[in-house]
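Structure first, commentary second.
The values are calculated or read from the model by the stated rules, or taken from the named source; none is laboratory data. On a predicted model such as this, the values are computed, not experimentally measured, just so you know. All Cβ positions, even for glycine, are placed from backbone atoms using ideal geometry, and neighbour counts span all protein chains on display.
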There are 2 protein chains.
Amino acid sequence: MKTADLIIASGEASADLRYASGFSTADAYIYIALADRRMILVSALEFDRARLEHKNGIEVLRDTDFTDLERPSFADIALGAARKLGIGEFRVPADFPLGIADRLRAAGIQVRPEEKIYFPEREFKTSEEVSKITFALRLAEKAVMHARDVIGKCSVNNRRELMFEREIFTSERLRREIDLVLTAGGAMPTGTIASAGIHAACPHDRGTGPIHAGEPIVMDVFPRMLDTGYWGDLTRTVVKGTPAAVVRNAYDAVRRARDLAESLLAPGIVPATVHRAADDLMARAGFVTERRPDGSYCGFFHGLGHGVGLEIHERPNLNFRGTTPLKGGEIITVEPGLYYPEWGGIRMEDMVHIVPDGARRLTRITDDFVIE
Amino acid sequence: MKTADLIIASGEASADLRYASGFSTADAYIYIALADRRMILVSALEFDRARLEHKNGIEVLRDTDFTDLERPSFADIALGAARKLGIGEFRVPADFPLGIADRLRAAGIQVRPEEKIYFPEREFKTSEEVSKITFALRLAEKAVMHARDVIGKCSVNNRRELMFEREIFTSERLRREIDLVLTAGGAMPTGTIASAGIHAACPHDRGTGPIHAGEPIVMDVFPRMLDTGYWGDLTRTVVKGTPAAVVRNAYDAVRRARDLAESLLAPGIVPATVHRAADDLMARAGFVTERRPDGSYCGFFHGLGHGVGLEIHERPNLNFRGTTPLKGGEIITVEPGLYYPEWGGIRMEDMVHIVPDGARRLTRITDDFVIE
């Protein structure tokens with residue numbers, strides 16, 4: 001009996017599946033790889049499109065050819081394929097659906113979830129992938145430049161609120177301005193962060209309500225291109241008018257931490273080393289990370305960065321736990337940040353490509369803080 | 001030992017989790033429900049936002065409180081919670097990650113995937129859910145009305161191509177016009193279909209290339225609202241100029257099938273009955289469903305409709321296999337279509353709410369076919 005790789009997922013939800021087959025769908029389908037054959041089993045509804053869009057080397061087959069049942073489930077089809085192809089064991093991704101795995105096991109098929117990652121090669125980008133990711137990043141840059149323009153055009157009312165086109169300028173409006181650029185550029189905006197003031201003190205808060213002069217405005221923009229499925233990731237923080245001294249100092253510390261981290265990144269370096277160097281620099285500048293008596297965190301309490309590709313967060317993780325040296329070929333974000341409920345948050349995020357002699361910065365947009 | 005419900009997923013990927021907790025994240029977190037307590041276990045990064053956004057009745061706890069490990073996995077945290085809370089069995093959704101399930105089982109915890117659906121009550125919408133879904137539908141209607149306006153403004157060149165703003169009008173441009181309205185309205189466009197001609201003969205083809213006068217243009221628009229997570233779903237087919245007689249006849253057959261289906265829908269009806277009635281009507285009008293010698297299908301070869309809520313496709317399915325009678329409270333699409341490679345495709349999709357005396361049509365937009 002043979003062992004085969006098996007994925008059952010939608011091409012949109014599973015980056016592994018899209019990586020393997022090149023075919024993206026809203027609905028789930030089946031991918032099977034044997035030593036000498038790789039195939040996808042799709043429904044009648046997807047068959048013609050699958051034949052057009054699949055990667056080279058993939059056979060496109062009808063799922064109904066593997067079962068005689070009138071109403072087959074995915075488990076039925078996978079079982080039929082196992083019998084027809086002489087497969088006794090399936091190697092599956094760790095997030096493979098338990099319900100299907102239990103059905104296959106009950107029918108005598110071994111199902112072994114991959115402990116680590118399913119396609120380790122996804123971590124190391126081909127030149128085609130670098131182009132696709134850079135394309136998405138350029139679109140994010142275009143959106144942030146547009147946002148900078150809009151903030152530049154804002155006036156400030158006597159309550160220190162920004163005003164744009166005779167209305168109070170809010171996080172909601174800023175996010176919409178950004179998302180419209182992403183959509184016009186052929187990307188899917190999936191949760192753009194445009195947060196200011198106290199909201200920005202919470203790194204994953206998307207932002208709501210009026211934006212005020214003097215408070216940092218965090219824009220974290222991560223378009224997924226509709227055609228390729230690849231992501232870009234970019235964060236810039238700006239302030240309209242004059243920030244408080246502590247905010248200015250925090251911004252400088254974050255920028256220097258970003259520069260230091262990018263100068264350290266190279267094949268052979270251990271991610272935890274880079275994370276700690278950035279953290280130490282910001283702590284020496286007076287911005288300490290701590291857990292407060294109410295249980296909340298302040299300072300720098302997220303990872304320094306992460307891989308980006310067909311997933312917005314993928315390997316490698318650039319955090320204090322990362323002990324596996326970089327190899328070269330990764331595309332990762334470098335995104336130090338500081339968050340204090342007293343004044344808000346600051347984050348600056350570049351993307352870099354790890355190349356033989358270090359880290360090539362893919363991000364080109366300005367990191368100027370103050371918008372007059 | 002107790003039995004508990006367990007979900008480990010991201011609130012964006014798992015409609016069950018969002019339904020249970022009200023809290024949406026890009027990253028995964030843990031939900032546990034005992035007979036008398038329901039809780040979510042989140043990271044430091046999500047804690048503050050979770051406390052703001054969770055549903056009533058949910059306890060928000062820190063995942064680090066359930067393990068002493070420095071680098072806990074989700075399986076470690078779930079195991080820690082099982083021990084602390086005296087849980088011997090977890091009931092999980094069928095798509096629960098196999099890798100985590102195997103870890104829990106190896107530690108002596110029973111893990112039982114739910115055979116059917118995890119929250120059967122999701123099928124029956126509360127009035128608040130009806131409002132949220134209708135809101136998304138209204139936005140889809142606004143986008144299609146805008147698209148109709150744009151198509152109305154197009155001219156036709158001597159190759160029968162539509163022209164807009166001095167450029168050839170393409171599926172890509174039409175999709176962008178639709179997606180910009182969705183984005184401006186606070187929704188995520190996730191794969192708008194704007195297909196014409198031969199592309200429209202493949203129901204899931206999103207469309208590409210120039211659009212010609214006289215050929216049917218299928219617009220399938222399904223925004224997901226960023227704030228609520230609920231979807232709307234709308235399809236309209238239009239033609240610029242004069243269609244061929246067969247296309248006109250097909251359009252009329254699809255519209256009559258839609259009307260017949262909506263008149264049959266009510267509590268107690270079996271979905272297969274409605275699907276077959278729509279299929280029969282179109283067949284009697286001369287539009288037969290068949291598999292051709294090359295293996296491709298033509299006619300009406302997808303389901304008549306599906307539930308819509310926190311997922312774009314959810315229970316109940318309205319197809320020839322559906323034998324469970326409707327109960328009332330469902331929101332479903334009614335979307336007959338006809339597809340022939342000779343002339344393209346036509347689909348018309350409404351949303352209806354199953355109420356005690358029948359089906360209340362939620363969709364209000366015109367179904368006029370011809371745009372001069």
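Just one of (1) surrounded by fewer than 24 Cβ atoms within 10 Å (Cβ to Cβ); (2) away from every other protein chain (no Cβ under 14 Å); (3) not small (G, A, S) trips up A:I331, so point out which.
(1)
Give me a count of the residues in region B:158-180 that are crowded, with 22+ Cβ neighbours inside 10 Å and more than 10 Å from chain A (Cβ to nearest Cβ).
Total satisfying the criteria: 4.
When the residues of region B:99-111 are filtered to those that are surrounded by 20 or more Cβ atoms within 10 Å (Cβ to Cβ) and of a type in the set (A, V, I, L, M, F, W, C), which remaining residue is nearest to the other protein chains (Cβ to nearest Cβ)?
B:A101
Considering region B:262-302 alone, what residues qualify as being more than 14 Å from chain A (Cβ to nearest Cβ), closer than 13 Å to B:L338 by Cβ, in contact (Cβ under 8 Å) with a residue 24 or more places away in the chain and in contact with a Gly (Cβ under 8 Å, 6 or more places away or on another chain)?
B:M282, B:F287
Any residue in region B:295-309 that is touching a strand residue (DSSP E or B) at 6+ places or on another chain (Cβ under 9 Å), surrounded by fewer than 17 Cβ atoms within 10 Å (Cβ to Cβ) and more than 20 Å from B:V246 (Cα to Cα)?
yes
If you check A:D205, A:D149, A:D259, which single one turns out to be in contact with a Lys or Arg (Cβ under 6 Å, 6 or more places away or on another chain) and either of a type in the set (G, A, S) or free of Cβ contacts under 8 Å to residues at least 24 places away in the same chain (or both)?
A:D205
Quick one: B:E115 ticks every box in (1) in a helix (DSSP H, G or I); (2) over 20 Å from the mean Cα position of the chain (by Cα); (3) more than 28 Å from B:K240 (Cα to Cα) bar one, so which box is it?
(1)
Taking region B:341-356 on its own, how many of its residues are over 15 Å from B:R256 (Cα atoms) and either modelled with pLDDT under 95 or buried (at least 17 other Cβ atoms within 10 Å of the Cβ) (or both)?
Adding up the residues that qualify gives 9.
Can we say B:E177 is out of contact with any Leu (no Cβ under 9 Å at 6 or more places or on another chain), among the charged types (D, E, K, R) and either at pLDDT below 95 or not in a helix (DSSP H, G or I) (or both)?
Considered against the rule, which asks whether it is out of contact with any Leu (no Cβ under 9 Å at 6 or more places or on another chain), among the charged types (D, E, K, R) and either at pLDDT below 95 or not in a helix (DSSP H, G or I) (or both), B:E177 comes out as no.
Of all residues in region A:264-305, how many are touching a Lys or Arg at 6+ places or on another chain (Cβ under 8 Å), within 22 Å of B:T25 (Cα to Cα) and not hydrophobic (A, V, I, L, M, F, W, C)?
Here the count works out to 2.
Out of B:P216, B:P203, report the one residue that is under 23 Å from A:L52 (Cα atoms) and touching a Phe, Trp or Tyr at 6+ places or on another chain (Cβ under 7 Å).
Exactly one residue qualifies, and that residue is B:P203.
Which one of these is surrounded by fewer than 19 Cβ atoms within 10 Å (Cβ to Cβ), in contact with a helix residue (DSSP H, G or I) (Cβ under 8 Å, 6 or more places away or on another chain) and of a type in the set (S, T, Y): B:S73, B:S131, B:S127?
Criteria check complete, one pass: B:S73.
Checking B:I7 against (1) surrounded by fewer than 18 Cβ atoms within 10 Å (Cβ to Cβ); (2) modelled with pLDDT of 90 or more; (3) more than 10 Å from chain A (Cβ to nearest Cβ), only one condition comes out false. Which one?
Evaluating B:I7 over (1) surrounded by fewer than 18 Cβ atoms within 10 Å (Cβ to Cβ); (2) modelled with pLDDT of 90 or more; (3) more than 10 Å from chain A (Cβ to nearest Cβ) leaves (1) as the failure.
Taking the conditions exactly as written (crowded, with 18+ Cβ neighbours inside 10 Å and either out of contact with any Leu (no Cβ under 6 Å at 6 or more places or on another chain) or farther than 28 Å from A:K240 by Cβ (or both)), does A:E290 satisfy them or not?
No; evaluated as a whole, the condition is false for this residue.
All but one of (1) in a loop (DSSP other than H, G, I, E, B); (2) within 30 Å of A:P356 (Cα to Cα); (3) within 14 Å of another protein chain (Cβ to nearest Cβ) hold for A:L139, so report the exception by its number.
(1)
Quick one: in region B:201-257, of everything that is among the hydroxyl-bearing types (S, T, Y), within 21 Å of B:I178 (Cβ to Cβ) and part of a loop (DSSP other than H, G, I, E, B), which residue is modelled with the highest pLDDT?
Only one residue fits best here, namely B:Y230.
Do the conditions hold for B:S155, that is, is it surrounded by fewer than 17 Cβ atoms within 10 Å (Cβ to Cβ) and under 30 Å from B:L6 (Cα atoms)?
So B:S155 fails the test.
Among what's in region A:76-98 and is buried (at least 20 other Cβ atoms within 10 Å of the Cβ) and part of a helix (DSSP H, G or I), pick the residue that is farthest from the other protein chains (Cβ to nearest Cβ).
Among residues in region A:76-98 that are buried (at least 20 other Cβ atoms within 10 Å of the Cβ) and part of a helix (DSSP H, G or I), the one farthest from the other protein chains (Cβ to nearest Cβ) is A:A81.
State all residues of region B:96-109 that are out of contact with any Ser or Thr (no Cβ under 8 Å at 6 or more places or on another chain), without any contact (Cβ under 8 Å) to a residue 40 or more places away in the chain and not aliphatic (A, V, I, L, M); if no residue qualifies, say none.
B:G99, B:D102, B:R105, B:G108
From the list B:E129, B:E161, exactly one residue is in contact with a strand residue (DSSP E or B) (Cβ under 6 Å, 6 or more places away or on another chain) and touching a residue at least 40 places away in the same chain (Cβ under 8 Å). Which is it?
B:E161
Exactly one condition in (1) more than 14 Å from chain B (Cβ to nearest Cβ); (2) modelled with pLDDT of 95 or more; (3) closer than 25 Å to B:D205 by Cβ; (4) under 32 Å from the mean Cα position of the chain (by Cα) is not met by A:V60; state its number.
With (1) more than 14 Å from chain B (Cβ to nearest Cβ); (2) modelled with pLDDT of 95 or more; (3) closer than 25 Å to B:D205 by Cβ; (4) under 32 Å from the mean Cα position of the chain (by Cα) applied to A:V60, the lone miss is (1).
Which numbered condition trips up A:A28, out of (1) facing another protein chain (nearest Cβ under 10 Å); (2) at positive phi?
Only one criterion in (1) facing another protein chain (nearest Cβ under 10 Å); (2) at positive phi is unmet by A:A28, namely (2).
Which of the residues that make up region B:206-234 are within 14 Å of another protein chain (Cβ to nearest Cβ) and within 16 Å of the chain's Cα centre (by Cα)?
Once the filter is applied, which keeps residues that are within 14 Å of another protein chain (Cβ to nearest Cβ) and within 16 Å of the chain's Cα centre (by Cα), region B:206-234 yields B:R206, B:D220, B:V221, B:F222, B:P223, B:R224, B:M225, B:L226, B:T228, B:G229, B:W231, B:D233.
Given the structure, is A:V150 farther than 25 Å from A:V308 by Cα and either assigned by TED's automatic domain parsing to the domain that holds A:G197 or in a helix (DSSP H, G or I) (or both)?
Answer is yes for this residue.
Quick one: which residue in A:T237, A:T183, A:T190 is within 14 Å of chain B (Cβ to nearest Cβ), of a type in the set (S, T, N, Q) and buried (at least 19 other Cβ atoms within 10 Å of the Cβ)?
A:T183
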